[in-house]
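Visitor: The structure that follows is given in the form of structure tokens.
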Amino acid sequence: MKTNKFTLIITILTFALTLFGCNDSTGPTITNNGGNALAGAYILYYSSATSTDYAYYDAVKDSVTDFVFSSNNPGVKLNVNPGEMKLNSDRKLYITTLGIPGNNGTIYKIDPLNNNVIDSLRFGSQPNGFAINNDRIVAANSGSTNVTVLDLDLNIVRDTVETGAVPDGVLYGFNKYIVYRRPLNSETSLAFIDEINYGVSKLNFPGVPLDAIYNVNGIFVTTTYNTTMYRIESESFTTADSSIVPSLFQPVNDIVFKTQSSFYVICGSREIWLADIQTGTVNFTNVFPALSDHYVRAAEYEQNSNELYLIGSTFSGVNTLMVIDGNTGSLKRSKPIAGIGPLSIVFRYF
């Protein structure tokens, strides 16, 4: 009877997380494939010739088309300094650009079927990472101390919600918008924004919080200066415990959701470890050892094929899309990618 009761509780918790999750790929409700096979993936980057742009990897043809936006919109340029890209459940691409320091950045809503801009808005100070929750977009203004709340038509719902210095990214989970920061920062707190009244609470860490994901085990946070992973309780929003990634490369730059009990961590932009949670203990396996001349610029897990897509860049700036086995890390295929400083990988299933 005890076993059945425990199973029921886990089932209910998993359902609740799915119900209250969002379309953000860093939460347990990852990109909804609608039961479809992967069609392809977008890669956001910058080009000195075409400004902010993106490539498209066709998963069926195993081919890459670079500079998709500029090729479909001759004479039109997106703003400079790309931030983040997401493909929402409304089948629209949303892209932030930081713009030139001292000026507003921009958010774009783009139709992926023809790559034309549906709408855009100049706002904020260097808007970067963002989360989409139903009909709300919360974007971190990395050149300020606040975030901006928009609707899906890019109307401003709330101009500023103060979160503390240099917010860099936003995760939605447990009815909160969770805000992490840029590394060069005196503010060492993670900010939690209430989704209804936009009230803000904070949780401090020894270093600046750089990234966060969540699953049924709680919220996992990385910080500057070490490879420690902190686990946050999802009800009290307090630190429960921590674990250390056994990597020589610091810090843990990014966390990539895999399953309800596993995720990837990218250490020092050089190597990737798979974190597997068993009976409360986090076990780490190095699935992508550091290469002598490569940085890991972006990574995303594709659930249908159990593959991790990542962009590797040489020290001289040559980019490669690499697809590796999600468990072993063995290389399955690779393609050259143009552009400068790839930032986001977004999957498409239609």
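Throughout, read-outs are computed from the coordinates displayed, never taken from laboratory work. The model shown is predicted, which means the values in this text are computed figures rather than measured ones. Neighbour counts are summed over all protein chains in view; Cβ atoms, including those assigned to glycine, are modelled from backbone coordinates with ideal geometry.
Visitor: May I ask you to evaluate 6.51 cos²θ - 1.76 cosθ + 1.60, the Karplus curve with θ = phi - 60°, for each residue of region 72-78 and list the ³J(HN,Hα) values in order in whole Hz, giving x for glycine and proline?
Guide: These are the phi-based 3J(HN,Hα) values: 8, 9, x, x, 9, 10, 7 Hz.
Visitor: Taking the alpha-carbon set of region 53-168, what are its Rg and Dmax in Å?
Guide: For region 53-168, the Cα radius of gyration and maximum Cα-Cα distance read 14.5, 46 Å.
Visitor: What does the charge count around Ser144 come to, taking other residues whose C-beta lies under 13 Å from its C-beta (Lys +1, Arg +1, Asp -1, Glu -1)?
Guide: Result for the neighbourhood of Ser144: -2.
Visitor: May I ask you to list the lysines whose Cα is less than 18 Å away from that of Lys77, ignoring any residue fewer than eight positions away on the same chain?
Guide: Lys109
Visitor: Can you spot the aspartates and glutamates whose alpha carbon is less than 14 Å from Lys335's alpha carbon? Ignore those fewer than 8 places along the same chain.
Guide: Reachable aspartates and glutamates: Asp58, Asp62, Asp66.
Visitor: Still on this structure, I have one more. Over its Cα atoms, what ratio of radius of gyration to 2.2 N^0.38 Å does the chain give?
Guide: 0.94
Visitor: Go through region 95-111 residue by residue and turn each phi into a ³J(HN,Hα) via Karplus (6.51, -1.76, 1.60, θ = phi - 60°); whole Hz please, and just put x for glycine and proline.
Guide: 10, 9, 10, 6, x, 7, x, x, 10, 5, x, 9, 10, 10, 10, 10, 7
Visitor: Also, I was wondering about something else. Between Val149, Val157, Val252, where does the largest GNM mean-square fluctuation fall for the chain, given springs only between Cα atoms within less than 10 Å?
Guide: Looking only at Val149, Val157, Val252, the biggest GNM fluctuation is shown by Val157.
Visitor: Using Cα springs under 10 Å in a Gaussian network model of the chain, which residue among Thr320, Thr160, Thr279 shows the largest mean-square fluctuation?
Guide: Thr279
Visitor: If you don't mind, another one. Could you name the lysines whose alpha carbon sits less than 20 Å from that of Lys176, not counting residues in the same chain fewer than 8 places away?
Guide: Those lysines meeting the cut-off are Lys86, Lys202.
Visitor: More than 15 Å apart: what percent of Cα pairs in region 259-350 qualify?
Guide: Cα-Cα pairs of region 259-350 separated by over 15 Å account for 60 percent.
Visitor: Grab the DSSP H runs of the chain that are 4 residues or longer, score each as -39,500 (n - 2.57), total them, divide by all residues and round the 222 nm result to the nearest 500 deg cm²/dmol. Write down the numbers at each step before the final one.
Guide: Numbers: 2 runs with 24 residues, N = 350.
For the chain, the value works out to -2000 deg cm²/dmol.
Visitor: Here's something else I'd like to know. Determine, from the Cβ-Cβ distance of Ser63 and Asn204 and an R0 of 45 Å, the FRET efficiency 1/(1 + (r/R0)^6), rounded to the nearest 0.05. Walk me through the numbers on the way to the answer.
Guide: On the way: r = 48 Å, r/R0 = 1.06.
E(calc), rounded to 0.05, equals 0.40.
Visitor: Amide H neighbours of Ser144 under 5 Å, counting only residues 5+ apart in sequence or on other chains, H built in-plane at 1.01 Å?
Guide: Sorted by chain and number, the residues that satisfy this are Val166.
Visitor: Within region 301-332, which residues have the backbone N less than 12 Å from the label spot 7 Å out from Phe249 along Cα→beta-carbon, could you tell me?
Guide: 311-315, by backbone N distance to the label point.
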